Structure formats: structure tokens, C-alpha cells
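Have a look at the structure below, then the notes.
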Amino acid sequence: MPEFQVDPRAAGGRLDRFLAGQLPHLSRSRLQALIKQGHVTLEGRPARPSDKVKRGALVTLTEPPAEPSLLEPEAIPLDILFEDADLLVINKPPGLVVHPAAGHARHTLVHALLAHCESLSGIGGEQRPGIVHRLDKDTSGCLVVAKNDAAHGDLSRQFAGRTVTKIYLALAQGHFAGVRSGTIENAIGRHPVDRKKMAVLTRGGRASRTSWRVLQDLPGVGTLVECTLHTGRTHQIRVHLKHLGHPLLGDALYAPRQARHYPRQMLHAWKLGFTHPRTGKAMHFCSPVPEDFILAGVRLPAAAQP
């Protein structure tokens, strides 16, 4: 039963917005449905999505039973890095959508999981069983999936509490002159004009923090950058690197002029670390450098190896 205490930064906001910040794997509409169905209490009382939350208030989510999925399982091969009775960690290939959405009704990771697993957690609803966090369609690498609600709730708390280690490899446009590492702390929100995009905002937006360091210069290509996520905003690395003047190679949304030279946005979820929800053991995973990065000339220095 996940419980969340309202911190000063969230005080005064709507309940559904507060929960969206705590449970980023769940859509706003899903959270609103859970609240309306009575699965969420505010200070022990039934709540409404529009209720305002006060500093220190306790919000409790009672996980609903898994909904029967209407999705058809599909025998899509999975590159499994780890699996036990509570969770599995996969190396997601580029091009695979995580869950069904508009334009992607079939051939998603969820369809593959339904074929592979006897059971998955149901808190995400019938469209997102087991999904704790997401990667963009064209982002490859480490992703953890929950097989039961207890694991899902615990992993969700770890993501919300920012105790999960998330390190990415990014192929960025251009070369970094002078400064070779740093931290970006610019707030991110919906682009004021193009609603498909996120953007760094001077007013509003949500606090966002990305640490970065150059790993390798690739003459004629760009720069291999290691990015560590301290928050989990939509398109965070893509937006922060663009703000630095070094957008991702192949990013058709944020750098469309050069995107045609690459088959996808060159971003890879390289390392993932969390605490096992049942055993309490520290778990660390590293996804191999993908083939398209290697073809671009990536050769990790020994100091960067796991």
C-alpha cells in the first residue's frame, strides 16, 4: 500500500498532480480513475482528483486487483538481463514501444510480457500491466518490470524517492569545448507552442536535474556523453542536451535537420540500480552498448566500464 507525504514544494496543488509526480509511470487519466474509484485517500478520507493537498498530508493508494487484459499476448523475443518471481529486467531494443497507445495497438513490450509471464502487476491498468517506468520508443537499454503489486508499489516508491540509479549513454551533436562535465538543473515543462515537445522553461516547469560528463570524442560524428538522471521528467536528457547546444544525434523531434543521418535518437539506458523489493538487496544492471553506437565509433574507456 504506497503512502506519500506531501512536501512543501507540492503543497497547495491538486491531488492528481501530486500523485503524477510520485508515480510517473501512471498516466494522469489513470490516476484520476483510481481516485474516483476510491483507491486513494487523503488523510484517511476519500478524495477527489481536484482536492488540494496540504504540507505534510498523507496520501495513501490502495492497489486495485489486476484487471483482466484484453490484449493478445505476442511471442516477441525479450533480451532478459535478470528475472525472478517478483520482477524482470530487460534490455529493450530501439523501436519497441513499451505499452499500447494511439498508433501502437500491437507489437509492444506489454504484448511480449503477456506472452512471457504468468502474471504481472495490475496497478497500471489493463493497458500497462507490470510497467513501472518507461523508455521512449527509440531509446534502448535497461528497463525493470514488476510481476506483482507488492513489487510494483515498492519500485514505484524508489523511483518517486529518486533512489534509483539511472545512467544513460548519449551520442550528442558537436564537440564540447573546454568544460567536460557538469550538472543541468533547468526546469522542464510542456513547450509553449509545440505541444509534442518539452522545453526548458524560465517560469513554471518542474525541477529537473541531469549530471553529464564526456566519455569520448568521435571525430566527424559527435560526442559520447554519460548522463545521470536525478529526476525523471519526460524527454529530460533530450531537452537538457539541446539546451546545452548539443542535441541527441538522430532526434527527429529536437534536432530534425540532422536526424535523417541516423535510424533513431541515439540514447541508451546503460545502467540501472535499485533495491530488490522483497530481499532488500542492492541490484545493479548494465546493458551492453548497442550495435548502432559501436558502428558510430563508440569505444568505452576502461574507466567508464561497469
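The values are calculated or read from the model by the stated rules, or taken from the named source; none is laboratory data. Source: prediction; values computed, not measured. Positions of Cβ are backbone-derived with ideal geometry, glycine not excepted, and every protein chain shown enters the neighbour counts. Keep in mind that these areas ignore ligands, DNA and RNA; they rest on the heavy atoms of the full protein, side chains included. Shrake-Rupley method; radii C 1.70, N 1.55, O 1.52, S 1.80 Å.
Let me know the Kirkwood hydrodynamic radius for region 201-306, please, with Cα pairs as the basis and the value in Å to one decimal.
Averaging 1/r across every pair of different Cα atoms and inverting gives 15.6 Å.
For LYS54, LYS137, write out the residues from largest to smallest accessible area, computed with a 1.4 angstrom probe and no ligands counted.
LYS54, LYS137
Let me see the pair-distance distribution of region 155-194: every alpha carbon pair, 10 Å bin width, integer percents in order.
Histogram of Cα-Cα distances, whole percents per bin: 18, 31, 38, 13.
Roughly what % antiparallel, to the nearest 5, for the DSSP beta bridges in the chain?
Numbers: 54 of 56 bridges.
Close to 95 percent.
Using only protein heavy atoms and a 1.4 Å probe, report how much of VAL225 is accessible, in Å² to the nearest 10.
Roll a 1.4 Å probe over it and VAL225 shows about 0 Å².
Once you've got the Cα coordinates, tell me which of LYS36/LYS137; LYS242/LYS271; LYS137/LYS242; LYS147/LYS271 are over 24 Å apart.
Values: LYS36/LYS137 31 Å; LYS242/LYS271 22 Å; LYS137/LYS242 19 Å; LYS147/LYS271 21 Å.
Pairs exceeding the cut-off: LYS36/LYS137.
Per the Kirkwood treatment, what hydrodynamic radius in Å, one decimal, follows for region 107-202 from the mean inverse distance over all distinct Cα pairs?
16.6
Tell me the mean residue ellipticity at 222 nm calculated for the chain from its helices only (DSSP H runs of n ≥ 4, each -39500 (n - 2.57), averaged over every residue, nearest 500). Could you put the intermediate results ahead of the total?
Numbers: 7 runs with 55 residues, N = 306.
Counting only the DSSP helices, I get -5000 deg cm²/dmol.
Hey, if you drop one equal point scatterer on each alpha-carbon of the chain and run the Debye formula without solvent, what base-10 log of I(q)/I(0) do you get at q = 0.07, 0.13, 0.14 Å⁻¹?
Log-scaled intensity ratios, in q order: -0.28, -0.99, -1.14.
Compare the Cα positions of THR202, GLN216, LEU267 along the charge dipole of the chain (+1 at Cβ of Lys, Arg; -1 at Cβ of Asp, Glu; about the Cα centre) and return the one farthest towards the positive end.
It is THR202, whose Cα lies furthest towards the positive end.
Please get the size of the charge dipole for the chain, origin at its Cα centre, with Cβ charges of +1 on Lys and Arg and -1 on Asp and Glu, quoted in debye to the nearest 20.
Details: 39 positive and 26 negative charges, 299 e Å.
That gives a dipole near 1440 debye.
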